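Read the structure below first, then the notes.
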Amino acid sequence: GQNIDQPTEMTATEGAIVQINCTYQTSGFNGLFWYQQHAGEAPTFLSYNVLDGLEEKGRFSSFLSRSKGYSYLLLKELQMKDSASYLCAVSEGNKLVFGAGTILRVKS
Amino acid sequence: EPEVTQTPSHQVTQMGQEVILRCVPISNHLYFYWYRQILGQKVEFLVSFYNNEISEKSEIFDDQFSVERPDGSNFTLKIRSTKLEDSAMYFCASRPTVFEWFFGPGTRLTVL
């Protein structure tokens, strides 16, 4: 089985930095993904970690510690359009298992 | 850039009716998936399909659900007798051999 936990909601200010944490317990692990999802739309891929450490991709970075079952997504220079749900997902076997998502509200 | 497509974008049906949701995965992908997301809830795995057969299914995917790849391009999800609780967004996804999932835009199913 699997258990993926992330905060339900976060609020941050435009131009700031925000870190969204994710902890997971899974019986098989092939990698950890972060997706962005706007209301009524499909999840869109942000980042992927399979090894420990930090992956940087523009304003977005993601970190993974496999021994701790922990990841975070870091968003820098927040923009209003970053207001969305951020989904942590674990690749387990051949399927992707999602957490409940963190609703991020960016205020001006 | 190739993308996964889904039709229809919105389907309204009466409880007890059959619905078929359609997906066209990316052409050279090997693994196909259906996920659903009830409003306000998380994205849930339904079923994975590989080499023309179901490779894994969740507890949600009971006898009312079936999947088919009737030709070389389409991938369908059938719900035989819809229930109110089947109302959700249904996302199709596909991936090549590497672990990179590509999601379609979704079909919003409303059961009245």
Taking square-rooted eigenvalues a ≥ b ≥ c of the alpha carbon gyration tensor, is the range A:12-54 rounded, prolate or oblate, where a/c under 1.5 means rounded and, failing that, a/b exceeding b/c means prolate?
oblate
Taking square-rooted eigenvalues a ≥ b ≥ c of the alpha carbon gyration tensor, is the range A:26-108 rounded, prolate or oblate, where a/c under 1.5 means rounded and, failing that, a/b exceeding b/c means prolate?
oblate
Given points 7 Å out from each Cα along the Cα-Cβ axis, report the A:His38 to B:Asn74 separation in nanometres with one decimal.
3.0
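To the nearest 0.05, what FRET efficiency results for B:Ile20 and B:Leu84 with a Förster distance of 22 Å applied to their C-beta separation?
So, using R0 = 22 Å, E works out to roughly 0.70.
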Shielding by partners - mean other protein chain Cβ count within 10 Å, residues of A:47-54:
1
Using a cut-off of under 19 Å, list every residue of the range A:65-108 whose amide N is near the label point 7 Å from the Cα of B:Ser55 along the Cα-to-beta-carbon line.
A:89-98
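Evaluate peptide A:90-101: per residue, the Cβ atoms of other protein chains within 10 Å of its Cβ; return the mean as an integer.
On the way: counts 0, 4, 2, 3, 8, 13, 10, 5, 6, 2, 4, 5.
Partner Cβ neighbours, averaged per residue: 5.
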Within 10 Å of each Cβ in peptide B:39-47, how many partner chain Cβ atoms are there on average? Round it to a whole number, please.
4
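Within 10 Å, Cβ to Cβ, of A:Glu77, how many net charges do the neighbouring residues add up to if Lys/Arg are +1 and Asp/Glu are -1?
Its environment carries a net charge of 0.
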Test item: Cα-centred dipole of the protein assembly as shown, Lys/Arg +1 and Asp/Glu -1 on Cβ, debye
280
Go through the range A:20-108 and name the trypsin sites (Lys or Arg not before Pro) that are in a DSSP coil and have 12 or fewer other Cβ atoms within 10 Å of their Cβ.
A:Lys68
Solvent-accessible heavy-atom area per residue, rounded to whole Å², over the protein assembly as shown at 1.4 Å:
49
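The values are calculated or read from the model by the stated rules, or taken from the named source; none is laboratory data. Model, not experiment: these values are computed from the prediction. Virtual Cβ from ideal backbone geometry, glycine too; neighbours counted across all protein chains shown. The protein model used for the area step is the full one, side chains on, heavy atoms only, and it has no ligands, DNA or RNA in it. Shrake-Rupley method; radii C 1.70, N 1.55, O 1.52, S 1.80 Å.
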